[in-house]
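Every number here is computed from the coordinates shown, using simple stated rules; none is lab data. All figures in this text were calculated on a predicted structure; none of them were measured in a lab. As a convention, Cβ positions derive from the backbone with ideal geometry for all residues, glycine included, and neighbour counts pool all protein chains shown.
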């Protein structure tokens, strides 16, 4: 009698293990797979240039100017040239659309020291296109398209100058950032 009980326990364990094994296998037989085929296209172009490293992150120091030399809104002074060198231009590089943007003080670039004790007040920066007459606006809406010489290095020359943004300018420190975007045509 004792022996019969042992066999029944062994059979019950064996049947239980077999049931788990069979159930596990049946789950795997219902798994499915999917496939995908993705076509990726692109174009290799020859109408771009590389901005020279020395041009990409410049620190331009404007010539110091006396507060009395800026006599009201729109008066300018202390102009300095800013060169952007475009290197390794491709054979299809014929033009580039340039945009400048930054913090605004009206239609001029804002003195980012504004609101601090050392800040000059009543003045901003005017950043001029390559014609040295037309001003970029800090909102990025003014663009200039410049002609490029293909398969050659090109230098674009801009002008930065102080500009009065108020009737009275007070002495102090000045700094602003002009962000430029180059879109090759």
Might you let me know whether segment 82-90 holds any residue that is exposed (fewer than 14 other Cβ atoms within 10 Å of the Cβ) and under 30 Å from residue 152 (Cβ atoms)? yes
Members of segment 162-185 that are farther than 18 Å from residue 50 by Cβ and part of a loop (DSSP other than H, G, I, E, B): 165, 166, 167, 168, 169, 171, 172, 174, 175, 176, 177, 178
So which pairs qualify, if the first residue must be in segment 54-79 and without any contact (Cβ under 8 Å) to a residue 12 or more places away in the chain, the second must be surrounded by 12 or more Cβ atoms within 10 Å (Cβ to Cβ) and not in a helix (DSSP H, G or I), the Cβ gap must be under 7 Å, and the two must be at least 6 apart or on different chains? 69/77
Test: residue in segment 148-167 that is touching a strand residue (DSSP E or B) at 6+ places or on another chain (Cβ under 8 Å) and without any contact (Cβ under 8 Å) to a residue 60 or more places away in the chain: no
Subset of segment 138-161 [assigned to a loop (DSSP other than H, G, I, E, B) and under 13 Å from residue 108 (Cα atoms)]: 138
